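Down below is the structure, laid out as structure tokens.
The values are calculated or read from the model by the stated rules, or taken from the named source; none is laboratory data. As the structure is a prediction and not an experimental result, all values here were calculated from the model. Positions of Cβ are generated from backbone atoms using ideal geometry, with glycine treated the same way; all protein chains shown enter the neighbour counts.
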Amino acid sequence: MSQHDLLTLDAVHVSYGPVHAVRDVSMAVAPGEVVTIIGANGAGKSTLLNAIAGLRPLASGRILLGGRDLGPVPAHRRVGLGLALSPEGRRVFPDQSVRDNLVLGAYSKREGSRQVEARLAHLFELFPRLKERRQQAAGTLSGGEQQMLAIARALMSEPSLLLLDEPSLGLAPMVVQDIFRIIRTLRDLGLTIVLVEQMASEALAAADRAYVLETGRITITGRGRDLLSDPRIRAAYLGVH
Amino acid sequence: MTALLQASISGLAVGGSYALIALGFSLTFTTTRTLNFAQGDFVSVGAFLGLSAVLLSSSPLAGGISGAAIAGWVPLLAIFAAAAGMGLIGAALYRLAIRPFAGKPGMSWVMSSIGFGIILQSAGLAAWGPGTVMVPAPFGDGIIRMFGAGVRLQELLVLLTALVAATVFEIVMRWTVAGKAMRAVAHDPATARLMGIPVEAYMAGAFVASSALAGLSGILIAPITGASLYMGLGIALKGFSSAIVGGLTNPRGCVLGGLLLGLTESWINLWQAQWREIVVFLGVIIVLGLKPSGLWGAKVVEKV
Amino acid sequence: MTWISRPAVATVAFGLLMAVLAAQLGNDYQLTIAFTICVYYLCAAGTNILVGYAGQKSLGQAGFFAAGAYCAAVLSSRFGLSPWLALALAPLVAGAFGALIALPSLRAKGPYLAMVTLAFGLVVEKLVTEWSDVFGGPQGLYGIAPLSFDGTAFSNLHWVWFAIALCVIVQILLGNLVRGDFGRALLSLQADEIAAASVGVDVHRYKVLAFVIAAMTCGLAGALVAQQNQYINSDFISLNLSIFILLLVLFGGAGSLYAPLFGASALVLIDAQLAQWPALQHFAYGALLLLTLYVMPNGVAGVLTGAWRRGLSARPAQPPTQARHGQHIRGNLPACPGLDGARAPGNVLAVQQVSKAFGGVRSAQDISFCLQPGHIHALIGPNGAGKSTMINMLTGVIDPDSGDIAFAGTPIAGAAPHAICRLGVARTFQNLRLFGGLSVVDNVMLGRHPRLPRGIWAQLLALPAARHAEADARQWVRELLDFTGLSAVADVPAGQLAYGLQRRVELARSLATAPMLLLLDEPAAGLNPQETRELGNLLVRIAGHGITILMVEHHMEMVMGISDHVIVLDHGVKIAEGRPADVQCNPCVIAAYLGAGSQAA
């Protein structure tokens, strides 16, 4: 772990009542990096992201953002520190318009409508589909569009670190390709991203580095491209030996 | 025909006060899944707070509540005192009786809010006594003739205020960032937190607003019914019925439910006054038997 | 004393003691207080069943009180009926009201349910106030014949004795009821209706019964009050009475058999002390209510049991909540007296062209498959493939939009969950749905519910048949706990166990229903590798007893290791099925799992 890491996890434990969902996880993310955490369902990936975002308390361990201990910072203040999470299952506000969802994403900025409009315009360039549908209620969007909205909404707070939780969840293969194209674009723009995914091959292809989580522990780490051809990955998913 | 029209307008006026309370119920229920079961005491105490403000401001001159003193800015002061005072008490209610119990199984929040209400009522009784105080209407007891029916000014004022409040509520919820954030909190508190929205503060705010609406309702209806510390119970029960019949999760449904209930009540009154309450509450039971989440409420779906 | 239970003897002894003490009371004022305690005890006893056991909110208990009071009053003052007969009819009439009001309450939840009961109480209150031709309104009904014995009307002391006797009978009967299967079924309702239905508890029936019981004791109390006063008017019936009855239960400790006793005696005595300062009395109620909720959320009974437990164990005895792996699993699945044979040849389950859509999302599209007796089938697929939806359709939690489901030849699509369980289909849940406050034994005993006799009278009177059935079931469950390796934690509340053990308790609970088909929704989720291996072994042994298994599972090593047959869903479509090895090599399956870009390396 170097001094310059943007995000540092130090021996993090998270439990859900009696369930030890995350056990002794340490990792580091450098600025500009795309790091993916892959693993089967129930491995504890989402729990880990929720803990970073402050939605789940830590049983023990520390999480540092830019060297600052996030321990005492409640979830809604972490956004202001530059940390945004696009949650699993998208969680857009279905009865509010696409535009209003995005405006809510900028809630932590407490700034005038001019700046918000400027950022909206910027994001609409990145997500032209959302621009077309900006007045539509978010609940009427397709799954892929909702996922784009969830990512765009997280970007509205101008995060230095973007956490993406299962962006491919429940999407058709073609749409999954679109989502990963967006992730690669964001990477090229220099954003630091932690990506939790079940779709191992796409995630590994898009990532600089990867961690494999199994029943709450990190079992494999390595460069994304190296792990792509690693037989252990397939074993972890399909039980093939 | 004239009688029917007159009854309809009176019904809508009383329904307006139910609607105000129902709106408050909807607000706290969607954000915190809890309700203030002591809303009746909030209505009564709200009326007295408004009255006391008038009394205090006019006492050096007149030494009592007289029609002459209640003019100009004084009614506004009464309304403001009732709403703001109850809003403050609402914040205390949230902190002391709701937050410690919200989200826990069982009905502890029902009982804790009732307990808070009993204490509030006792304090009110100590301050103002148990009697009924006749309250002069701020704009006089004038009667307007509309299509042959006589309508009391105060009734129109109640109805108007309810409609204005419902409209303001609608505008705030649709067009302001705070309103959008409130809707986000109501829909999904965890995700709202991810946006940086201080969820707790909004939940407390919902109780402040709901209590202010109760106080508003109290001070507006007092000139029609007279003010007493027991006046609120009936109004709040009807307000609760309105919210439930309209569907707690739907603010517009709640307002509609209030007006509907007021109208029904008033029409039955024309026919047989003593059956009014019985028919109204039987109707509530029947509606819930057929539509367990109210007429316009969202069905609760549990994920398995 | 084989035919009378120990609690019953203790209750009778306590009642006798109270009767002797009552005889020592000096004046009528004190006797009135004693009588009032009994009356409120009766109100609280039934309400405790409804609120504390079944977990239903009721703000209308005054309505039932009124039903009983006015029934006794009208029958004896207008129709000259014998007061004894009137007293006997009063709880029945009130019970009928209970059943009536239970109907709209069945589907209403939370505040909507509170509204139904609240409105009921208000309707009754207004009815007795306004319909003065029949009920006398605020003037009330005079000349209600009091109870008499041998031609002499009851004295105040007689009334107290009689009320104590009624309390003793009610306490014994309700005790019988809640200590057995009936009580467990009510508690399961409170904890989780969906899980309750999954073990065969007929949710509607038990809710109605709880309302009827609550109505009957309140009605009895009302009749007693009317007869003792020889007068009743509408002032007796108010929302405050409903709230006070609830307060009795909460203060005493809802869900404890002793709550009504503690609540009624404490609050009536406090009330009597405060009566000299009326202004303070009101305030004291509010303060007491808040204080109770803050410092003793489980009421007086909760405080006492807490102290009792602390007294028992000077050293902190930690329950063995950690899994001790493997070592305890032994024996065989106990033979089942509940289901007769019927392990018919052919398919256990046939699913034909079942479809289901939620909004625009099609969670199941024309899915068909068959399950073979004694086989382990796995249902796999990426997140959102529609696996849980399928399990929920098979168990009646969700109705399919179209298609047929036949279990051992019987069509079950759209049937109620508890009925499907009774046919022999058991399930576990993705997010554990245990009854956390109940012990492991009681959780598993609930699984026996569909195989136990349902007669309420036998349980109420603790007849030998009911007690034998209960004892047999307990023995059977002990064997099942041996089989599943849970004996060491049998008496620990399920919610306190380690996660892996909780999963196993849920499995044991489903096995207790004596299923032919076992549906497991992610049984290995959250288990560590060791626990997962043990689970696999256990499942193989269960299948060895002829029970068919269908599991939704993501843990591929286990799926591929123990399944006979694998069905793969993706986006609500069946994309493959067959032997594990074939499915593993199927390119469609690999693409669905690892993503389209993956090579079959």
Picking from B:GLY11, B:GLY16, B:GLY40, B:GLY46, the residue that is part of a helix (DSSP H, G or I) and within 18 Å of B:PRO251 (Cα to Cα) would be B:GLY16
Would you check if A:VAL92 is surrounded by 22 or more Cβ atoms within 10 Å (Cβ to Cβ), more than 9 Å from every other protein chain (Cβ to nearest Cβ) and farther than 19 Å from A:VAL12 by Cβ?
no
Within the range B:255-275, restricting attention to residues that are over 11 Å from the mean Cα position of the chain (by Cα) and crowded, with 24+ Cβ neighbours inside 10 Å, which residue is farthest from the other protein chains (Cβ to nearest Cβ)?
B:LEU259
On the basis of being at pLDDT 90 or above, β-branched (Val, Ile, Thr) and farther than 30 Å from C:TYR258 by Cβ, does C:VAL128 make the cut?
yes
Looking at the range A:212-232, can you tell me whether even one residue there is within 20 Å of C:VAL589 (Cα to Cα), touching an Asp or Glu at 6+ places or on another chain (Cβ under 7 Å) and either aromatic (Phe, Trp, Tyr) or touching a residue at least 60 places away in the same chain (Cβ under 8 Å) (or both)?
no
Is it true that C:THR513 is under 30 Å from A:PRO231 (Cα atoms) and among the hydroxyl-bearing types (Ser, Thr, Tyr)?
no
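When you scan the range C:132-218 for helices (runs of 4 or more DSSP H) that lie fully inside it, which ones turn up with 1 or more residues that are at pLDDT 90 or above and aliphatic (A, V, I, L, M)?
Answer list for the range C:132-218: C:156-179, C:181-191, C:193-198.
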Within the range C:424-503, which helices (runs of 4 or more DSSP H) (wholly inside it) include 2 or more residues that are within 14 Å of chain A (Cβ to nearest Cβ) and not basic (Lys, Arg)?
none
Out of the range B:86-101, which residues are within 30 Å of B:PHE139 (Cβ to Cβ) and either within 11 Å of chain C (Cβ to nearest Cβ) or crowded, with 21+ Cβ neighbours inside 10 Å (or both)?
B:MET86, B:GLY87, B:ILE89, B:GLY90
Where B:ILE197 falls short, out of the listed (1) within 14 Å of chain A (Cβ to nearest Cβ); (2) buried (at least 20 other Cβ atoms within 10 Å of the Cβ); (3) in a helix (DSSP H, G or I); (4) among the aliphatic types (A, V, I, L, M)
(3)
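Results for (1) under 16 Å from A:GLY42 (Cα atoms); (2) within 20 Å of the chain's Cα centre (by Cα); (3) at the interface with chain C (Cβ under 8 Å from one of its Cβ atoms), shown as yes or no for each residue.
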residue: A:ILE182; (1), (2), (3): no, yes, no
residue: A:ASP188; (1), (2), (3): no, yes, no
residue: A:ILE193; (1), (2), (3): no, yes, no
residue: A:ALA205; (1), (2), (3): no, yes, yes
residue: A:ARG209; (1), (2), (3): no, yes, no
residue: A:LEU213; (1), (2), (3): yes, yes, no
residue: A:ILE218; (1), (2), (3): yes, yes, no
residue: A:LEU228; (1), (2), (3): no, no, no
What tally of residues in the range C:78-114 results from selecting those that are more than 8 Å from every other protein chain (Cβ to nearest Cβ), touching a helix residue (DSSP H, G or I) at 6+ places or on another chain (Cβ under 7 Å) and of a type in the set (Gly, Ala, Ser)?
8
Pick from the range A:43-58, criterion surrounded by 15 or more Cβ atoms within 10 Å (Cβ to Cβ) and assigned to a loop (DSSP other than H, G, I, E, B), ranking: nearest to the other protein chains (Cβ to nearest Cβ)
A:LEU55
Restrict the check to the range C:125-139 and report whether at least one residue is surrounded by fewer than 20 Cβ atoms within 10 Å (Cβ to Cβ), in contact (Cβ under 8 Å) with a residue 12 or more places away in the chain and over 28 Å from C:TYR231 (Cα atoms).
no
Take the residues of the range A:59-89 that are more than 14 Å from chain B (Cβ to nearest Cβ) and outside any loop (DSSP other than H, G, I, E, B): which is farthest from A:LEU48 (Cα to Cα)?
A:ARG68
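Residue by residue, here is whether (1) among the hydrophobic types (A, V, I, L, M, F, W, C); (2) within 30 Å of C:GLN430 (Cβ to Cβ) holds:
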| position | (1), (2) |
| --- | --- |
| B:GLY253 | no, no |
| B:ASN269 | no, no |
| B:ALA273 | yes, no |
| B:ILE278 | yes, no |
| B:PHE281 | yes, no |
| B:VAL287 | yes, no |
| B:LEU290 | yes, no |
| B:LEU295 | yes, no |
| B:ALA298 | yes, yes |
So which residues in the range C:277-305 are of a type in the set (A, V, I, L, M, F, W, C), buried (at least 20 other Cβ atoms within 10 Å of the Cβ) and more than 7 Å from chain B (Cβ to nearest Cβ)?
C:VAL300, C:ALA301
So C:TRP131, is it among the aromatic types (Phe, Trp, Tyr) and facing another protein chain (nearest Cβ under 10 Å)
yes
In the range A:95-119, residue nearest to the other protein chains (Cβ to nearest Cβ) [restricted to those that are within 13 Å of B:ILE197 (Cα to Cα) and not charged (D, E, K, R)]:
A:SER108
Scanning the range C:363-410 residue by residue, those within 14 Å of another protein chain (Cβ to nearest Cβ), hydrophobic (A, V, I, L, M, F, W, C) and within 30 Å of the chain's Cα centre (by Cα) turn out to be C:MET390, C:ILE391, C:MET393, C:LEU394, C:VAL397, C:ILE398
Residue list for the range B:102-128, restricted to those being modelled with pLDDT under 90 and either part of a loop (DSSP other than H, G, I, E, B) or at the interface with another protein chain (Cβ under 8 Å from one of its Cβ atoms) (or both):
B:ALA102, B:GLY103, B:LYS104, B:PRO105, B:GLY106, B:MET107, B:SER108, B:VAL110, B:MET111
Quick check: is even one residue across the range A:66-77 farther than 25 Å from B:LYS180 by Cα and touching a residue at least 40 places away in the same chain (Cβ under 8 Å)?
yes
Condition test on B:ALA69, is it at pLDDT below 90, assigned to a loop (DSSP other than H, G, I, E, B) and among the aliphatic types (A, V, I, L, M)?
yes
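Rundown of residues vs (1) surrounded by 23 or more Cβ atoms within 10 Å (Cβ to Cβ); (2) closer than 19 Å to C:ALA34 by Cβ; (3) aliphatic (A, V, I, L, M), yes/no style:
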| site | (1), (2), (3) |
| --- | --- |
| C:THR152 | no, no, no |
| C:TRP161 | no, yes, no |
| C:ALA185 | yes, no, yes |
| C:PHE211 | yes, no, no |
| C:ALA215 | yes, no, yes |
| C:CYS218 | yes, no, no |
| C:ALA221 | yes, yes, yes |
| C:ASN229 | no, yes, no |
What number of residues within the range C:1-55 satisfy the criterion of being farther than 15 Å from C:ILE169 by Cα and not in a helix (DSSP H, G or I)?
8
